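Here is the structure we will look at, set down as structure tokens.
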Ligand SMILES: Nc1ncnc2c1ncn2[C@@H]1O[C@H](COP(=O)(O)OP(=O)(O)O)[C@@H](O)[C@H]1O
Ligand code: SF4
Ligand SMILES: [Mg+2]
């Protein structure tokens, strides 16, 4: 599959926000290689603070990387000039976790959905209204909703508006950053169904950021597992979830309640909190919490080696782990 979006050696360090003057930088993302094919949905999972949102923003060119490259459809975002970036921005959009904070409470939603069309001067004003109606229909809303204000909608409807807004410019790559985690469980499935349907119908490439593995399983072709800003494991979703080959992926999976009580998984409890990204452990960054750690794990960063086609794990003991309990 041809990659639409590619990240190579991507790293992002933030200056420390602490009061200590010579505080260490936050190593939010370190040496990440990632590619998303045309029409492909890739899940990005990991605990809070593991660097998921930062990767999403880097891929969209919203923040510059500290090192590495991002290539969209053959064009390097890091080296692109302002005009090229503007042209590419139209093709990449984001759906935020909390649509309320990204919508202006004082403006009707119709014009807000059309913002991208106006910014990129994609069509004359009178055609925009038609396009807004079409977008509203695509996310299961009515034309009359265009004249209402954000507070007149439920959380689920507001996220539908967030999706409509992201799709207005006809992007081919969308980052959805935990798009349903702020919603009631009862409406999460409906909003996910809208997203899943649109991504197939419009042939979108999707980076779906989530900490909910069952949701990733239902929506994504591939999954990338992140810990402290590094990729621990990646591969076809079904393979990674059925045969997790990194101790961290196993721990994440065991923390996910199984729907089938007979097959309820043995819980692997992780000791302690994640280490600070300002001071990550040497060698394997997971070693301070790994149940299988040995002294050699401190010696070097484990390479992300292939286990089977397209399925990789960064663990020196990946072939020695006990079978996954079912
Ligand atoms: N603008 C910023 N300035 C300083 N630190 C940041 C900034 N944005 C994110 N971070 C830090 O980078 C790390 C990764 O954050 P983030 O990408 O938001 O993780 P996630 O989305 O997985 O929860 C965290 O330690 C976070 O505190
Ligand atoms: S390299 Fe060592 S510490 Fe890291 S995941 Fe593998 S066994 Fe655990
Ligand atoms: Mg986040």
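Where a number appears in this text, it was derived from the coordinates with a stated rule and is not lab data. Small disclaimer: the values here were computed from a predicted structure and weren't measured.
List of remarks:
- Most fluctuating residue given options 128, 165, 24, as computed from a GNM of the chain linking Cα atoms under 10 Å: 24
- Cα-based radius of gyration of the range 164-221 once divided by 2.2 N^0.38 Å, which approximates compact folds: 1.07
- Coarse-grained scattering of the range 1-125 at q = 0.13 Å⁻¹, given as base-10 log I(q)/I(0) from a Debye sum over alpha-carbon atoms: -0.68
- Max mean-square fluctuation residue, GNM over the chain, Cα-Cα springs under 10 Å, options 306, 47, 144: 144
- Rounded to the nearest 10 degrees, the angle from helix 185-202 to the longest Cα principal axis of the chain is 80 degrees.
- Taking the helices alone, the chain has a mean residue ellipticity at 222 nm of -8000 deg cm²/dmol, built from -39,500 (n - 2.57) per DSSP H run of at least 4 residues and averaged over all its residues.
- Crossing angle, helix 155-167 versus the chain [Cα axis fit, 0-90 degrees, rounded to tens]: 80
- The coefficient of translational diffusion for the range 109-164, derived via Stokes-Einstein from the alpha carbon Kirkwood radius under 25 °C and 0.890 mPa s, stands at 219 µm²/s.
- Estimated D of the chain in µm² per second, where Rh is the Kirkwood radius over Cα pairs and Stokes-Einstein applies at 10 °C, 1.306 mPa s: 76
- Taking every C-alpha pair closer than 8 Å and separated by at least 6 residues, the mean separation divided by the residue count of the chain gives a relative contact order of 19 percent.
- Using alpha-carbon coordinates, inclination of helix 125-138 to the longest axis of the chain, degrees: 50
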